[in-house]
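Working notes, beginning with the structure itself.
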Amino acid sequence: MLRDCALENQAFRELYRVWLDRGNGEAAAHRARGGRVVGCLGADVPEEYLLAGDLLPLRIAPDPRSDLAHADRYLEACFDPMVRSQFDRIVGPGEKPWDFLAVSNSTDVLVRTYLYLRELRRTEPEAPVPDTAFIDWLFTPSERFRRYNEARAAEFRKKAEEWAGRPITDADLREAVHVLNGERSAMGRIYALRQAEGPRVSGTEALVIAGAGFYMDRARHRDLVNALAAEAEAWPVLKGPRLYFSGTEQYDLTVYSYLEEAGAVIVGEDQDCGMRYYCRLTDPESPPEEAVVERYMRRIPSPKKATVTRRVEALVCEAQESRARGVAVCMDQFEEAASWDFPEEKRALEAEGIRAAEFCKLPYPAEKDETLRGRMAAFVEELKGGTADG
Amino acid sequence: MAEERRAVKTLKAAQESGAYQKEWFRSLHDRVKAGEDFAYLNADVPMEIFRAMDVPFCVNQWWAAICSAKRMTPRYVNFLREAGYRDDLCSYCSAVLGESLDPEDAELGPWGGLPRPTMAVTRLTCDCQGKIFQLLARNYGAELFTMENTLPRTVPENWWDLATDRWEELYDADRLDLAVEELKDLISWLERKTGRVFDYDRLIQVMALINEQEGWYRRTRDLIAAAPMAPVTVVDTINATMQAQWQRGTEWAAGHARRMYEEIKALADAGHAAVPNEKYRLMWLGRGLWHDFAFYQNFEEKYGAAFVWSMYLAMGADAYIREGYERDPLRALAARYIGMEDFLHMPPWNSGWFVREAKNNRIDGVVYMAPANCMQAVEGSGFIVKALERAGIPVLLFRGDPVDDRKWNRENMTELVGRFIEERIIGGKEA
């Protein structure tokens, strides 16, 4: 639900333009200035190093129009449809807006994706797969794994230096951390406007604001978001039952629109195209590798990686802090891990008076599920509890 | 749903292992009843530590196979559904989670059901594993221990040439270092939990017995590969190997592997052919079809097609033996367990090995059951098929489930494989 107040706002219009373009123009402009572009898969690529090397991180968004013919040659049926589409963009024909790839092990399917890309480079050198880095974080909180992760971070720094064609100094890194922390703080202002007693920014609008950052210069993103945050304080308050969203990354507006057009207001989320991606700053005072690792290990526990207990605790806490009346958990087809959490999450949320609904096995794009809009509307009606605005 | 026709096993070793595991499971019940701690382990957990400390344990995938063979999987899936879980997830790994919800498990479960574990241990080799183990640990009141999983950054070719005695070259050194530290953590946890003391000398004995056992598998694999007519098929070797593999590190398992070799050698020496009209040698890729073992024998009479190869025996032959364990048994053990997933599920390690095995075993065609819903078992089937086909070996790839028979249709599958044999194998040779 993009309101006129957003569409008439200059900063929002610019973010929306970049978001719609998926960064193609931004990448071309960066290249024209002599810069290199790194296509990113996964929400845990430590972008600090890329920015420090003047490399533009560009999230590889799925393409809902793709027929997936190229991905189908390599991927088994149980790859989720969104990753299938991202893979298709990499291996399909045509000019690519990236020079290199970085893949983080944010979920199992991305680990396999990396292995397949590596094998493709080995067995089909003509395939359009550039030099690809893999970030093998260990997410279990422990000092031992932190040290392992610091070595991985240092490795990625070296790779970024190779791509940048120059050493990355600690000063470069501090500057990158400064930019990214500024951007995260700016996104925090938007989040505060969503979480307020009277939310001023819808979830759908927030998807555009957050998602634009995946495709553009981050300092400019920071500045645009800050400008927007100042103006959005005067946007009309949204009415409707407050909803927290959990689950699959949302690269387009369909699912959020279904929920918000039915009358809900999405006031928070833990999906990686939203606030989870921007939460937690990198400590500018700590040694660089230590600070980077700390940030990526300590965010909201991922629905894909964390244990059931950690997920339940995190989700209940997030939903309560958001004063959500309901939680919608969405998962794409073959995206299975979070389904193991849901029964526990539902019980825990309902014990706190928060309703929960699971929408699983969703196709990509979500419009392919002709019943989804109706099912989501029915859930929102439940949340309204018979009152006009919930 | 498969009809009740049962696979015909001929090896005494297969019968022996079947009988042994039943007896072993009964004794496991006794030990748990007597108050001993009992660990439930995922298959990729280094069970050698538990063996060395004489902590009773049971392996998840072995138990899932037993439950499937006893046709219990649908019952357990029902319990999961009633508890609010989806019924189409992780069938191989989650059967026991369903069983943990069964109030009549002691009466209706296979062999008196699963004794109540006090410990649950898994590696985080897929997104779901830690979650499933945490849930089952909670249902049983067991304590959970998880071990991390790292990905190889360097991938030397032909892992099977390095795994036995050049394993330091096979892995990134820091992966091994980390795995050793995790083994030490596991040992400390077990010592604290059970009050037992870990003994390096005992682990060395266990490692020696495992090398001995797997050495017999190597001889057996090579014997079957070289025999003019296969003396046995996978119907005998899968169960006999898998059942004993989960007993590895015991005198019985090493002795059983030797007896199996001697029995098969005697058959080969006598010119015995498991399929007397053998014309075509088939390779089975993927997990065992636990709910319908008779399926493997459907093509013998009509086509003279014998399934002679599965990963179970061949992994024993190539993936487990670690020389030099006396110097540093924990590091040698780390060098065994951190690679298992990658040997099987990571191209090019798996594809290269399958091609090599297919050639050595004079395979005419490969029937490849890829997972229907398991990301852990996703292994680059496209790369594997391509590598085998490029080597001149036709492949039939289909999706299936090793334990959940709800979507299995033996008639359709028999027709599919029959057509593959006729068109790709027989047709290919005639062309």
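The accessible-area ordering, largest first, of the residues A:373, B:258 stands as A:373, B:258, per a 1.4 angstrom probe. Per residue, the range B:81-201 exposes 38 Å² of accessible surface when a 1.4 Å probe is rolled over the protein heavy atoms with every protein chain present.
Quick one: net charge around residue A:92, please, counting Lys, Arg +1 and Asp, Glu -1 for every other residue with C-beta under 14 Å from its C-beta.
On the way: positive: A:65, A:73, A:84, A:89, A:96; negative: A:63, A:67, A:72, A:88, A:95, A:124, A:126.
With Lys, Arg at +1 and Asp, Glu at -1, the neighbours total -2.
Relative intensity of the range A:222-341 on a log10 scale, I(q)/I(0) at q = 0.12 Å⁻¹, equals -0.54, per a Debye sum over C-alpha point scatterers of equal strength in the absence of solvent. Counting heavy atoms of the protein chains alone, residue A:317 has an accessible area of about 60 Å² for a 1.4 Å probe.
Over the range A:240-385, what relative contact order in percent results from Cα pairs under 8 Å that are six or more residues apart? Write down the numbers at each step before the final one.
Values: 214 pairs, mean separation 42.6, N = 146.
Across the range A:240-385, relative contact order equals 29 percent.
Relative contact order for chain B: what is it in percent, counting Cα pairs under 8 Å that are at least 6 residues apart?
Contact order relative to length: 20 percent.
Summing +1 for each Lys or Arg and -1 for each Asp or Glu among the other residues whose beta-carbon sits under 13 angstrom from that of residue A:72 gives -1. Of the two radii for the protein assembly as shown, the radius of gyration is 0.98 times the Kirkwood radius, both from the alpha carbons; that is the Rg over Rh value. Taking every full run of DSSP H in chain A, the ones that stretch at least 30 Å from end to end by Cα along their long axis and average -1.0 or higher on the Kyte-Doolittle scale are A:170-195.
The alpha-carbon of residue B:193 sits under 26 angstrom from the alpha-carbons of these lysines, leaving out residues fewer than 8 places away in its chain: B:33, B:131, B:184. With the whole protein complex present, residue B:264 retains an accessible surface near 0 Å², based on a 1.4 Å probe.
With the full set of protein chains in place, find how many percent of the accessible area of the protein assembly as shown is carbon and sulfur; take the probe as 1.4 Å. Walk me through the numbers before you get to the answer.
Values: 14390 of 29010 Å².
That share works out to 50 percent.
Among the lysines of the range A:240-385, pairs that are 8 or more positions apart or on different chains and have alpha carbons within less than 23 Å of each other number 6.
Taking a straight Cα-Cα cut-off under 23 Å and skipping sequence neighbours fewer than 8 places away in the same chain, the lysines within cross-link reach of residue A:159 are A:96.
Ranked by accessible surface with a 1.4 Å probe, highest first, in what order do B:386, B:429 come?
Numbers: B:386 70, B:429 115 Å².
Correct descending sequence by accessible area is B:429, B:386.
Computed per residue of the protein assembly as shown from DSSP H runs no shorter than four, each worth -39500 (n - 2.57), the mean residue ellipticity at 222 nm is -15500 deg cm²/dmol.
How big is the A/B interface in buried accessible area, both sides summed, 1.4 Å probe, to the nearest 100 Å²? Intermediate results must be reported in sequence, preceding the final value.
Numbers: alone 15950 and 17340 Å², together 29010 Å².
That pair of chains buries around 4300 Å² in total.
If you take the alpha carbon atoms of chain B and fit the smallest convex hull around them, that volume is 128 Å³ per residue.
Which whole number gives the average count of other chain Cβ atoms within 10 Å of the Cβ atoms across peptide A:335-347?
Partner-chain Cβ atoms within 10 Å, mean over residues of A:335-347: 5.
When only Cα pairs below 8 angstrom with a gap of at least 6 residues are kept, chain A shows a relative contact order of 18 percent.
Annotation: lysines with alpha-carbon distance below 20 angstrom to residue B:265 (same-chain offsets under eight excluded): B:9, B:12.
The values are calculated or read from the model by the stated rules, or taken from the named source; none is laboratory data. Since this is a predicted model, take the numbers as computed values, not measurements. So basically every Cβ, Gly included, is an ideal-geometry build from the backbone, and we count neighbours across all protein chains shown. Only protein heavy atoms, including side chains, enter the accessible area calculation; ligands, DNA and RNA are left aside. Shrake-Rupley method; radii C 1.70, N 1.55, O 1.52, S 1.80 Å.
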